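Trainee: One structure is given below, represented as structure tokens, and several questions about it will come after.
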Amino acid sequence: MARAYVDGFQTTPGAKDGWGMKSVNAMVKHWPSGGPEEAGRDAHFNYGKFAVYPGGAFETHLKAFTEGAFKLDGGTGKATAVMPYYTISYGIDPSGDNVGNNFSKYIITDLLREKYGYDGVVCTDWGVTNATAPSNLSTASAGVSRAFPSPNAISRSSRPAWTSSAATTTRVPS
């Protein structure tokens with residue numbers, strides 16, 4: 001379903017490489033999954049912050065991305081943007097770090113970019129950039145290429161993180 005949905009937005013039939021006048025960039029979310037929150041709680045609140053994967057089902061949750069949105073039948077190849085979820089994918093990072101997916105180097109760089117070869121835009125979820133400047137530097141260091149909302153709309157306290165040399169040299173956006 002993810003493949004058909006993204007292809008439908010991005011692919012203009014008959015256009016070179018699939019991109020044409022009827023193409024619309026698609027952002028898929030929420031990487032690495034939205035839904036396995038502990039006890040079915042809502043991830044928009046502190047009591048729903050942990051994503052858990054009973055029975056080791058983490059890889060199953062990735063299939064909509066790895067076998068769908070990242071392997072399109074049309075010429076555009078893959079979804080142009082991915083949004084990580086608010087959740088903390090508990091117990092997934094081999095280092096033992098349990099941080100929000102938007103701040104996780106393991107979730108964004110090691111898995112999404114390196115293991116699965118995604119080289120498109122990674123955009124934070126809404127409000128993640130309303131945190132403090134050190135938190136925003138963490139998202140940039142994790143491999144996020146765009147803040148949502150845009151840096152012009154984020155709080156004054158977090159702007160330095162997105163304009164610092166550490167943030168701008170961590171990854172050159174695609």
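No lab work stands behind these numbers, since they all come straight from the coordinates. Remember, it's a predicted structure, so these values are computed and weren't measured experimentally. Here the Cβ is made from the backbone with ideal geometry for all residues, glycine too, and neighbour counts use every protein chain on show.
Trainee: Enumerate the amide H contacts of F50 below 5 Å, restricted to partners 5 or more residues apart or on another chain; note that Pro and chain-start residues carry no placed amide H.
Mentor: The answer is E38, I88.
Trainee: Another one. Measure off 7 Å from each Cα along the Cα-to-Cβ vector at A4 and N25, then give the distance between these two points in nanometres to one decimal.
Mentor: Result: 2.7 nm between the two label points.
Trainee: Could you compute the net charge surrounding A57? Neighbours are other residues with a C-beta less than 14 Å from the C-beta of A57; K and R count +1, D and E count -1.
Mentor: Spelling it out: positives minus negatives among the neighbours equals -2.
Trainee: Can you give the net charge of the other residues whose Cβ lies under 13 Å from the Cβ of D73, counting K and R as +1 and D and E as -1?
Mentor: Residues near D73 contribute +1 overall.
Trainee: Please state the shape class of region 4-114: rounded when a/c is under 1.5, otherwise prolate if a/b exceeds b/c and oblate if not, all from the C-alpha gyration tensor.
Mentor: Here region 4-114 falls in the prolate category.
Trainee: How much length is gained if the chain between H44 and K16 is pulled fully straight, taking 0.36 nm per residue apart and subtracting their Cα-Cα distance, in nm to one decimal?
Mentor: 6.0 nm
Trainee: For region 69-79, take each phi angle, set θ = phi - 60°, evaluate the Karplus expression 6.51 cos²θ - 1.76 cosθ + 1.60, and give the result in whole Hz per residue in order, putting x for glycine and proline.
Mentor: Values per residue, Gly and Pro as x: 5, 9, 9, 6, 7, x, x, 6, x, 7, 4 Hz.
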